[in-house]
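Beneath this line is the structure, given in structure tokens, with notes to follow.
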Amino acid sequence: MKPGDILCLENTRFHPGEERNDPAFVAQLAALGDIFVNDAFSVAHREAATYRQLAEKPENVFGKQELLDLAAVCEEVGNSIEDRLTAG
């Protein structure tokens, strides 16, 4: 890859390292780029490698769909997304 290139991975859900929350798998994925865009709010409840380890790195950002999903949940429970994001 060259600087400025974008890499999109196909679904990693059924990769053995993803299901085991494997640190070695996370290291392999992290070595592929500088920023991880997390757009998988629907799997936030899983103990999957990309959501539990890779998404916790400082270079992680929310994807557009994840922000929309989070905003919808916040609206449903009466919180603002801004308050939720700053509260952690």
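The values are calculated or read from the model by the stated rules, or taken from the named source; none is laboratory data. Here the structure is a predicted model, which is why all the values come from computation and not from measurement. Glycine also receives a Cβ, built like all others from the backbone with ideal geometry; neighbour counts cover every protein chain displayed.
Of all residue pairs spaced 6 or more apart or on separate chains, none has beta-carbon atoms under 6 Å together with a first member in the stretch 14-33 that is of a type in the set (Ser, Thr, Tyr) and a second member that is in a helix (DSSP H, G or I) and surrounded by fewer than 11 Cβ atoms within 10 Å (Cβ to Cβ). Being surrounded by 10 or more Cβ atoms within 10 Å (Cβ to Cβ) and at pLDDT 85 or above: is that true of GLY17 here? So GLY17 passes the test. When residues in the stretch 1-13 are screened for being of a type in the set (A, V, I, L, M, F, W, C) and touching a residue at least 24 places away in the same chain (Cβ under 8 Å), 2 of them pass. Residue pairs whose Cβ atoms lie under 7 Å apart, sitting 6 or more positions apart in sequence or on different chains, and linking a residue in the stretch 63-87 that is under 12 Å from SER42 (Cα atoms) and charged (D, E, K, R) to a partner that is at pLDDT below 80 and surrounded by 11 or more Cβ atoms within 10 Å (Cβ to Cβ), are GLU66/ASN38; GLU66/ASP39; GLU66/ALA40; GLU66/PHE41; ASP69/PHE41.
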